[in-house]
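Laboratory data are not the source of any read-out in this text; all were calculated from the coordinates shown. Just so it is clear, the structure is predicted and the values come from calculations on it, not from any experiment. Ideal geometry is used to build each Cβ from the backbone, glycine not excepted, and the neighbour counts take in all protein chains shown.
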Amino acid sequence: MSKQKIVIIGNGISGITCAREVRKNDASAEILVISGETKYFFSRTALMYIYMGHMQYEHTQPYEDWFWEKNRIELLQAWIEIIDFQHKKLICHNGKTIHYDVLVLATGSKPLMINWPGQQLTGVQGLYSYQDLQLMEKNTAGIQKAVVVGGGLIGIEMAEMLASRDIQVTFLVREADFWDNVLPEEEAKMVSRHILEHGIDLRLNTELEEITGNQNHQVVGVKTKDQESISCEFVGLCIGVTPNIEFLKDTELDTNKGILIDAYFRTNLPDVYAIGDCAEFRKSPNSNRKNIEQVWYTGRMQGETLAYNLTQENPIPYQPGVWFNSAKFFDIEYQTYGNVPAKLPEDMETFYWEDENGKVAIRFNFSKHSEVIQGVNAFGWRLRHEFFDHAINEEWRVDQVMEQLDQASFNPEFYKPFYRRVIQSFNEQHGKQLKPKKTSFIQRLIGSRA
Amino acid sequence: MKKIQLLGLGLFILGLLVFSTLPFIGDYRLEADIVSASVKTEHEEAMLRTLRPMYGEVYNSNFRFIADFNTLFEEYNEDLKRRDAWDDVIWDDYAFSITKGATQTGVISRPLLFFSISIGLAVLGGLLYIFPLYKGEPEGIKNDGIYFSSMKSRGLLGIITGTYLILFYVILYWFPEYMTNLVIMVDPLSKALSGAEASQWFLYGLIYTLAILVMGVRMFRKYKGNAYQTIRTVSVMFFQLAFAFLIPEILILLNKPWHDFKNIWPLDYSFFYDYRIEGMISSGALGMFMLVWGIILIVLGVPLLTYFYGKRWYCSWVCGCGGLAETLGDPYRQLSDKSLKAWKIERYMVHGVLVFAVLMTAVTLVNYFMEFGLLGQATDQLHSIYGFAIGSAFAGVIGTGFYPLMGNRVWCRFGCPLAAYLGIVQRFKSRFRITTNGGQCISCGNCSTYCEMGIDVRWYAQRGQNIVRASCVGCGVCSAVCPRGVLKLENAGEAGRINDMPIIIGNKSISVKS
């Protein structure tokens, strides 16, 4: 490969993974990563822990500062305002221009706002960037009451953050249960119960009408569509995120919601690529996936794949494997592998088991006739990624998964094993006679997995 | 904070204040019979003569008493040294026993009262504070506000606490004569257990054990719902109370040498010292058992158990130093340095201490079997250097005094020779590893932040690599604080345990090796 200057805009997981992987495959390429947010890469998903006092900002940086120089990845903290695609030039907020040979756009997302009346008031904000966190710190200093709008991942995180500082939270969720457009009903209800358990004033089926302020332009409350007024000193708007491509609109770059790309992350312009949250596939990678993938893991995989394509002769299309994701709702961990839609499709069967304490649950979706495993949801129960990646890829029948369930658990040692009860319940519901594996005393004594 | 917790905090501080004031009260008066009772027969005459000017005088402060004692004692020795009468020089340290004998305070007549209003009050206050912790809250990670806490994030309270602990250790190791009141206070308990009077080491052992027990209860509260943490904490509480505290005292009662059956050379660096070996050999069958058991632990116990379970079987389940770190030290675990530089320093230091301990022991044994023909008493010199620099200064003053400044495992990480030995086995021949769960890591950093050994756990987790590190003590907290279920402490087959070039699951396009 000839020496080329690869410039990446955005130092999130997509951009940084791309930079690191390019360096691994190509010792000579010049790599520059530009971000206005922070100089160094940090874990966006960890922002909440800074607010909650679990960590400080430095702890969220996955690599020490010397790492970048050692790997000859140049970092620049700047906002790019204009891109001159014709002359392959970037113009920074301070007027400085930067030349590129290859441009990777990894600009991420920004909070989605839908023009609610009053959303410009002081004390009203979304949460995505480091700057948002600093603003939230300022906006919530010494306050007593807050309203969070939006029953998704960022909404519940924000509720947890505020609650950790003893701020009373009213949580407005449009749906009948928390995140029930993604989670099946039982799981959504479980999380809703857990939110209440944490003292959050959860309002389901409730939509925001407007945000009200005082003469100082300071938020004082919200009004719901049912005309209920709720007083508060802070409003978090967390109904979702949208690609952060404002500065690319009205350029020759093809965009829709995000920057339009093909399976090779190519935009309509030569030597310009887009990855991560800001990118929108013209055609989704496969039938179960969306055109815009806005999770950490897909950002990482897209970064890996593009780096490969930028450094190898024969580019390959992006082909993600079995879908997986995870989250933590207050104290309940959630993992999912494969396809578990909120509404069960016609050709699928499902089996759901929940522990009496209402905080541990597992769901298996499988095809109606072939009984091939399609996906799994787990709550309060850590599962082994490798196990389900194999099971789903290799199209195991659900019986085979059940029989090896003891090995699928990733819970810490000495945790109560649930697999016997799950298998028993599965046998009862589906008229099977599966037997859980027995572990010998020796195996238990040495803690053997196999 | 609940009222009962405030009360508990108040009582704890009160108890601590009484404890800290006690050394400074009372009168000190020396008489000839005290000297006779406190010194060896061969020194009796000289000491009686040397200390004569102090007899009958009432000192209202231990500082003045000890100053006079030191002046007279040094004068005596200096005079001998000037005259090259080296054989008559007294090397024994009698400051503590003589000061203790001369102490005249209310503590002597009412030791239990003073014990109750100092240590007793602190324990009661601590428990009152701890029991209501997280009451009514769902099970889960309780790390809210740690980095806003002055105590837990090297704020003023943390620095004050560290300074207090350091001072305590300095007095305990090198100036115990200033804490005679505290020792007298625990005399009745010592007599009840072993029949012997208390020493400063009995006092220390008692406080140490109480700290592990009380703060162990805090662990139950904090990690409620985490079976691994609960069982592990029960284990360190049991081993401290039974093996490190009660059994050794009972051995004294039975006229056997003080012995901690779970302490292993080279952490127990004096195990092969001639007085220990002779003590064991001359104590009949039980003494022989101590010697054989100690050697079995070194040559079989450590490699075998570490092979099956990793060094955690000792470091975070059995060991006393580990026990204190995992209970009293838990609030400070996040303060350990995670940098690559710290790791480099750690490897030089901990293995350096191991080499020092092995060489010292080798010289000691050779000398012992050659009946001191080779080096005479020169090994004593080596022992005192090790005892001072490693045994006291490193393990005690820095090891515990620096909890609030550098985290709770400073000694275990940088200094413990046994940890180094266990670590070598764990790194190269063990079934233990922390498995990383495919591609689920989000690089948040909770695991690295809360690793007390300063391992950058995230470095491995985010590249899908199992964590196989010599220093990992297997406390399991990285796994507990992980919000995505990425880490699992496991014992399993050696195949695939060390994956230098891991592949992160999830991307079918290419197989990226980290």
Alpha carbon convex hull of the stretch A:124-239, projected area averaged over orientations, nm²: 7.0 nm²
Cα-based equivalent ellipsoid, the stretch A:2-110: semi-axes from gyration tensor eigenvalues, Å: 25, 17, 11
Whole-number percent relative contact order across chain B, with pairs defined as alpha carbons under 8 Å at least 6 apart: 13 percent
HN-Hα J in Hz across the stretch B:473-486 - Karplus 6.51, -1.76, 1.60, θ = phi - 60°, x for Gly and Pro: 9, x, 5, x, 6, 4, 5, 5, 7, 5, x, 10, x, 9
Most fluctuating residue given options A:ALA378, A:ALA263, A:ALA141, as computed from a GNM of chain A linking Cα atoms under 10 Å: A:ALA141
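Hydropathy first: keep DSSP H helices in chain B averaging at least -0.5 on Kyte-Doolittle, then drop any whose Cα extent along the axis falls short of 15 Å, and list what survives.
B:3-21, B:156-174, B:200-222, B:227-238, B:284-296, B:340-369, B:417-428
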For the stretch A:65-79 versus the stretch B:204-283, the gap between their alpha-carbon centres in whole angstrom: 50 Å
Chain A: most fluctuating residue of A:ASN214, A:ASN365, A:ASN256 per GNM, C-alpha cutoff 10 Å: A:ASN214
Residue among A:MET301, A:MET55, A:MET161 with the largest mean-square fluctuation in a Gaussian network model of chain A, springs linking Cα atoms under 10 Å: A:MET55
Partner chain coverage, peptide A:8-17 - average Cβ within 10 angstrom: 1
Taking B:ILE424, B:ILE390 and counting other C-beta atoms within 10 Å, the order from fewest to most: B:ILE424, B:ILE390
Radius, Kirkwood style, for chain A when every pair of distinct Cα atoms is counted (Å): 24.1 Å
Normalised contact order of chain A, rounded percent, pairs of Cα under 8 Å and 6 or more residues apart: 13 percent
At q = 0.06, 0.07, 0.08, 0.10 Å⁻¹, base-10 log of I(q)/I(0) for chain B (Debye sum, equal scatterers on each alpha carbon): -0.33, -0.45, -0.58, -0.88
Loop-resident sites, the stretch B:16-78, for trypsin sites (Lys or Arg not before Pro), counting at most 11 other Cβ within 10 Å (DSSP): B:LYS40
Listed pairs A:LYS189/A:LYS223; A:LYS110/B:LYS222; A:LYS138/A:LYS359; A:LYS3/A:LYS96; A:LYS138/B:LYS152 exceeding 27 Å between Cα atoms: A:LYS110/B:LYS222; A:LYS138/A:LYS359
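Counting only DSSP beta bridges with both residues in chain A, tell me the antiparallel percent, nearest 5.
DSSP beta bridges in chain A are roughly 55 percent antiparallel.
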Spatial separation of Cα centroids for the stretch B:164-190 and the stretch B:291-343, in angstrom: 27 Å
Under the Karplus curve 6.51 cos²θ - 1.76 cosθ + 1.60, θ = phi - 60°, whole-Hz ³J(HN,Hα) for the stretch A:34-51, x wherever Gly or Pro sits: 10, 8, x, 5, 8, 6, 9, 5, 9, 8, 4, 5, 9, 3, 4, 6, 5, 5
Within the protein assembly as shown, percent of DSSP bridges classed antiparallel, to nearest 5: 60 percent
Relative contact order for the stretch B:178-292, counting Cα pairs under 8 Å that sit 6 or more residues apart, in percent: 19 percent
Inter-site label distance for B:PHE369 and A:ILE82 at 7 Å from Cα along Cβ, in nm: 8.5 nm
